[in-house]
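Notes follow once the structure below has been shown.
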Amino acid sequence: MKFVRTILLVTLLTLSLSAREQVNVNFSDLQINDFIKLISKITHKNILVNNKINGIVNFVSTSPVYDDELMGILISVLESKGYTLVKNGSIYEVVRSTEAAKHNVNVMHQGKKLQGPLMVTQAIKVKGENVDIVAAKIRYLISKTAKLMTMKESNTILVTDYPKNIETIKKVIEDINANNANIVKIIEIKHADAKKLQAKIADIAKSIFNQKIVTDQVKVIYDENTNGLIVVGLKKNVEKIVKIVKRLDVESHANNGIQIFALKNSEAKAVAKSLNDIIAKQKFADPSLKPNVSSSDEINSVIAIGEPTILKGLKVIIDELDKEKYQVYVKAKIVEINKNNANDLGVKYGLAVGDVTSSGLYALSANFGAESLTGAASAAVLDALGSIGSASSSALALGAAIDFLESNGAAKSVSNPSILCVNNKESSIYVGKTISISTGTVTTTAGLNGVTSSYKREDVGLTLKIKPRVSSNDKVTLDVEAVLENVLDDGSKNATGQPVTSKQEVKTQAILRHGESIVIGGLVKTYERDSISKIPLLGDIPWIGELLFASKSTTEEKDNLVVILTPYVIDKSENLSELQKNLGVLDRIQKEYNIEVFESLETKAKQKK
């Protein structure tokens with residue numbers, strides 16, 4: 001009889017060939033294993049049963065059901081016995097519900113709506129709440145055999161369950177996220193001390209909002225960058241806090257603070273003067289808001305007293321004024337060139353060196369160019385000097401011209417000083433001597449007669465003053481002042497017996513690139529030189545030799561004093577040692593260059609003869 005009922009049921013359920021048909025299902029006391037076979041035949045699905053499942057199925061239907069709903073009925077029956085179905089390719093396998101997650105259930109994309117009767121795995125993103133707290137709230141919604149875990153790193157819940165259960169969980173989490181939708185409000189504080197106001201507002205928020213309810217809590221954060229408050233919470237709660245802040249944001253004259261700004265690169269006295277000049281030009285609605293600024297030389301610091309908001313503005317100015325200053329390393333070469341000797345040298349080598357002014361020196365250096373030279377002065381070596389500025393063939397040629405005059409007795413190097421100047425600060429070099437000049441005499445008659453003379457000491461020589469002004473990393477303006485003082489007569493050639501001095505002064509301004517040289521000329525020293533010409537041996541005979549075989553002559557000599565300046569801009573102090581290292585390389589190449597160019601010049605002079 002039982003077999004006949006099964007056959008009749010199968011016949012009724014397979015009457016239609018449509019994709020989704022309605023069937024009348026009504027049976028009782030049907031074994032679960034037989035029910036599995038029945039569903040397999042109706043749905044044309046292969047079902048693997050590894051365990052015998054005891055029990056019977058009773059299903060009463062007063063209206064037709066769709067055939068695709070039969071799988072759901074089967075899973076419901078299996079679930080009551082601790083089993084479920086999982087899909088493995090084209091085969092459905094009956095497994096224990098507690099082990100379903102281990103049988104490669106389908107993983108659905110996050111956010112995709114789920115359908116169907118089979119267990120699936122899906123990740124659910126939680127927003128605005130701790131994932132563990134949310135998981136604890138919704139854990140009762142999952143089926144008895146489902147698996148749920150949390151991933152704190154991404155604030156995500158990973159759940160393996162039936163689609164309907166997962167969809168219910170997702171709706172609940174969406175409601176939780178909506179109720180916890182916090183907003184962020186930045187409130188600019190115009191008058192009050194924002195930091196002190198933050199403490200007051202935080203206390204007020206704790207008093208008016210229930211702190212036991214997490215969603216009602218409001219956070220109040222002080223932001224020093226905007227001098228404001230950041231309020232985080234539910235929109236309605238934040239709006240209440242904003243109204244309170246606006247009422248409390250009023251001017252207060254009792255909040256003056258004291259700040260000491262330690263300076264690293266600038267002089268405190270100069271910075272304080274600049275600040276006071278700025279403050280003097282400002283207008284304050286309340287004179288009591290005007291800050292007081294002074295300096296301390298002992299600790300090189302600026303001391304300011306005033307409203308915190310105003311002090312913050314002063315700090316911005318101080319930080320700019322206290323930036324590391326540009327420095328300019330100036331190499332100076334002071335050379336004395338004898339006009340007569342230079343002219344004789346020009347005749348000997350066929351060079352235009354008679355004119356020893358700055359322009360004449362540049363004209364002379366043109367004869368020492370490196371276009372046809374190789375070896376140490378080759379282009380590859382010169383290119384390696386790019387890091388120290390215009391160390392090109394023109395710079396080497398100028399250096400060779402000066403060295404050529406010195407090596408042939410037409411020039412004398414007076415001094416080769418170097419100065420490290422701070423931007424916009426004057427530095428000076430003095431090269432010379434100190435002489436005594438009588439300022440008067442006093443004759444005494446009491447007791448022994450005598451004369452008392454008084455003297456003063458004066459410097460006579462070359463004074464060079466340089467003030468750099470850097471406009472960029474590779475360009476600098478030099479304010480140059482050169483003063484040449486010379487002794488024309490030491491007092492032996494005039495009736496007064498007092499020394500006679502001369503003074504020549506040059507002031508100029510030049511805009512140079514990093515490593516570019518400039519020649520300052522026009523400082524001329526004129527003097528007389530006595531010379532004796534005599535016939536060898538005969539001229540040495542006393543009295544007769546001087547009268548008959550020797551002659552005396554006095555010639556006027558002119559020495560041009562030229563100053564060659566080469567600035568190097570240093571934007572950071574640590575770059576100074578690297579610059580000095582590179583300058584050492586340049587000096588070595590200059591010597592190698594001179595040897596090569598002098599040999600070439602000697603060869604040309606011999607060929608002309």
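The values are calculated or read from the model by the stated rules, or taken from the named source; none is laboratory data. Keep in mind that what you see is a predicted model, and the values were worked out from it rather than measured. With ideal geometry, Cβ positions are generated from the backbone for all residues, glycine too; neighbour counts draw on all protein chains shown. The area values use the complete protein model at the heavy-atom level, side chains included, leaving out ligands, DNA and RNA. Shrake-Rupley method; radii C 1.70, N 1.55, O 1.52, S 1.80 Å.
Per-structure values
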| read-out | value |
| --- | --- |
| Solvent accessible area, Å² - THR145, 1.4 Å probe, full protein context | 20 Å² |
| Segment 104-145 - Rg over Rh from alpha carbon coordinates, Kirkwood radius | 0.99 |
| Spatial separation of Cα centroids for segment 152-175 and segment 88-116, in angstrom | 16 Å |
| Chain lengthening between ALA262 and ILE299 when straightened (0.36 nm per residue, less Cα-Cα) | 12.6 nm |
| Apportionment of accessible area to carbon and sulfur, segment 152-242, percent (1.4 Å) | 51 percent |
| Extension gain (nm, one decimal) between ILE511 and LYS281, 0.36 nm per residue minus Cα-Cα | 79.4 nm |
| Between segment 268-336 and segment 420-438, the alpha-carbon center distance in angstrom | 30 Å |
| Segment 260-315, Rg to Rh (Cα coordinates; Rh as Kirkwood inverse mean 1/r) | 0.97 |
| Estimated translational D of segment 118-195 in µm²/s (Stokes, Kirkwood radius over Cα pairs; 20 °C; 1.002 mPa s) | 151 µm²/s |
| Long-range HN-HN contacts of VAL500 with modeled amide H, under 5 Å | LEU488, ASP489, ASP490, GLY491 |
| Histogram of C-alpha separations across segment 170-311, 5 Å bin width, % | 2, 9, 15, 14, 13, 11, 10, 8, 7, 5, 4, 2, 1, 0 |
| Pair ASN88, ILE133: separation of 7 Å Cα→Cβ label points (nm) | 4.3 nm |
